[in-house]
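Data block below; observations after.
Since every read-out is calculated from the coordinates, none of them should be taken as a lab result. All values reported here derive from a predicted model rather than from experimental measurement. No Cβ is skipped: glycine too gets one built from the backbone with ideal geometry, and neighbour counts run over all protein chains shown.
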């Protein structure tokens, strides 16, 4: 089993460009999350989904959009990238919510916006 | 709102020494608390968690966490550090929505011979 797979692992963008990060999971989990990790700030929740077809905003949703058209995939989009979005992005999943289950993380996607 | 504060962004210990990583939380409800570990170039992994049933679940690699309600603390300890413990450690609290974890800023643990 692959678990949680993030694509791409590295990307360099110019300001104003758009891109999509893909998170794919093969564990049949209901809940999926996108976090960003910045030095000295830990992980901050961008958006999350509690099931196929649902999305919700986290702590820092501005500048990002998400979609969960299929249960196994959670996409994070940047419509017009800004240097402030330079970060490492992590996808995480859990079956029944973080209170009762364990979050499983992907290996991260490092994004640089010039 | 729930929040966590990790005291010390970097901790350095000798191999075989006690490891103590500090975490204080703020929660308006009985907290669910977690410690996650991140090894270089990897995602986070659950180290242990504490639920409102006062049960400590999933102890890994000799780590333990001491929940003290009176001090609103959830410090992570290990009696004897090993070189393989070098990693970044994150304390987290379940948010009021019960679907989200709020993470601390992290503490990077270095273990030297």
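How do B:39, A:31, A:48 line up, fewest other C-beta atoms within 10 Å first?
Going from sparsest to densest Cβ surroundings: B:39, A:31, A:48.
What ranking do A:62, A:38 get, fewest neighbouring Cβ atoms within 10 angstrom at the top?
Ordered from fewest to most neighbouring Cβ atoms within 10 Å, A:62, A:38 come out as A:62, A:38.
What spacing in nm lies between the two simple spin-label points modelled at residue A:57 and residue A:44, each 7 Å away from Cα in the Cβ direction?
With each label placed 7 Å out from Cα toward Cβ, I get 1.4 nm.
Could you please rank A:96, A:68, placing first whichever residue has the fewest other Cβ atoms within 10 Å of its Cβ?
Going from least to most buried by this count: A:96, A:68.
Counting residues in the protein assembly as shown as N, plug N into 2.2 N^0.38 Å and put the Cα Rg over that result.
1.01
Can you give the FRET efficiency to the nearest 0.05 for residue B:29 and residue B:66, using r as the Cβ-Cβ distance and R₀ = 30 Å?
Calculated value: 0.90.
What distance in nm separates the two pseudo spin-label positions at residue A:26 and residue B:77, each 7 Å out from Cα along the beta-carbon direction?
It works out to 4.2 nm between the two label points.
If you bin every alpha carbon distance in chain B into 10 Å steps from zero, what whole percent lands in each bin?
P(r) over chain B, rounded to whole percents: 15, 50, 29, 6, 0.
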